[in-house]
Amino acid sequence: MTVRVQHEDFDTGAEIKQLTAGRTDIGAIVTFTGTVRGGGGQDHALTALTLEHYPGMTEAELERVEAEARARWLLQASLIIHRYGTLAPGDNIVLVVTASPHRQAAFQAAEFLMDFLKTRAPFWKKETGADGTGEWVDARESDDAAIARWD
C-alpha cells in the first residue's frame, strides 16, 4: 500500500509492474489515470492547471483514505500517486491502482479512492486559460453526490 505526492511524472505501466511484481495472489488490477484536459473549446481553453497542497498533511490524509479502502475491500495492493505543480494539457495528474483477488473489490475500491480524491483530498486547483488569467476550481455538485454514496 503506497501513497506518493510528487512533482515528477509517472509511468503507469512501470508503476503497475513494480506494485504487482512476484505476486500470484492478485486476480484483478484496476487502474485510473487522470490527465489535464485542454478544455471544451475556445471559450474554455485551458493552458495550465496548477495544483497546490500542504506537504505532510496531504500524504497523511491520502494514507488515511487508502487505509479506509483496505478496511472496506479485500485489497492485495494499492497505489495512489498525485502530482502537484503546474501541469499542461495532456499531462498526468493522478494514478490510482487497486489489486485484489477479485474484480468487484478492485473496481469498487478504485472508484471510492477517486471519488475521495475529487472531493476531499487536500489539493487546491487553479485553471489558467488562454488569456493568461487563472481561476481557482470549486467543488462540483456531481462530485459531492458521487462521494456521498460511500457514507
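The values are calculated or read from the model by the stated rules, or taken from the named source; none is laboratory data. Since the structure is predicted, the reported quantities are computational estimates derived from the model, not experimental observations. Backbone-built Cβ (ideal geometry, glycine too); neighbour counts: all protein chains shown.
Can you name the residue in the stretch 98-127 that is polar (S, T, N, Q) and either part of a helix (DSSP H, G or I) or touching an Asp or Glu at 6+ places or on another chain (Cβ under 8 Å) (or both) and is also nearest to Leu49 (Cα to Cα) among such residues? Spell out how you get there, then give the answer.
In the first step, residues of the stretch 98-127 are kept if they are polar (S, T, N, Q); the result is 98, 100, 104, 108, 119.
When the remaining residues are screened for being either part of a helix (DSSP H, G or I) or touching an Asp or Glu at 6+ places or on another chain (Cβ under 8 Å) (or both), the result is 104, 108, 119.
Working: Gln104: 33, Gln108: 28, Thr119: 17 Å.
Ranking the candidates gives Thr119 first.
For the condition surrounded by 13 or more Cβ atoms within 10 Å (Cβ to Cβ), of a type in the set (Phe, Trp, Tyr) and modelled with pLDDT under 95, what is the one hit in Phe116, Phe112?
Going through Phe116, Phe112 in turn, the sole match is Phe116.
Which of (1) surrounded by 14 or more Cβ atoms within 10 Å (Cβ to Cβ); (2) under 29 Å from Lys17 (Cα atoms); (3) of a type in the set (S, T, N, Q); (4) more than 13 Å from the chain's Cα centre (by Cα) is the odd one out, the single condition Thr128 does not satisfy?
Among (1) surrounded by 14 or more Cβ atoms within 10 Å (Cβ to Cβ); (2) under 29 Å from Lys17 (Cα atoms); (3) of a type in the set (S, T, N, Q); (4) more than 13 Å from the chain's Cα centre (by Cα), Thr128 violates only (2).
Consider Glu135 against the criteria (1) part of a strand (DSSP E or B); (2) in contact (Cβ under 8 Å) with a residue 24 or more places away in the chain; (3) exposed (fewer than 15 other Cβ atoms within 10 Å of the Cβ): it satisfies all of them except one. Which criterion is unmet?
(2)
Which residue out of Leu95, Leu49, Leu75, Leu79 is assigned to a loop (DSSP other than H, G, I, E, B) and surrounded by 15 or more Cβ atoms within 10 Å (Cβ to Cβ)? Lay out the reasoning, then the answer.
Values: Leu95 fails: assigned to a loop (DSSP other than H, G, I, E, B); Leu49 fails: assigned to a loop (DSSP other than H, G, I, E, B); Leu79 fails: assigned to a loop (DSSP other than H, G, I, E, B).
The conditions single out Leu75.
Tell me, please, whether a residue that is under 15 Å from the mean Cα position of the chain (by Cα), surrounded by 20 or more Cβ atoms within 10 Å (Cβ to Cβ) and not basic (Lys, Arg) can be found in the stretch 13-25. Spell out how you get there, then give the answer.
Within the stretch 13-25, the subset under 15 Å from the mean Cα position of the chain (by Cα) is 15-16.
Then keep just the ones that are surrounded by 20 or more Cβ atoms within 10 Å (Cβ to Cβ); that gives none.
Scanning the stretch 13-25, I find no residue that is under 15 Å from the mean Cα position of the chain (by Cα), surrounded by 20 or more Cβ atoms within 10 Å (Cβ to Cβ) and not basic (Lys, Arg), so the answer is no.
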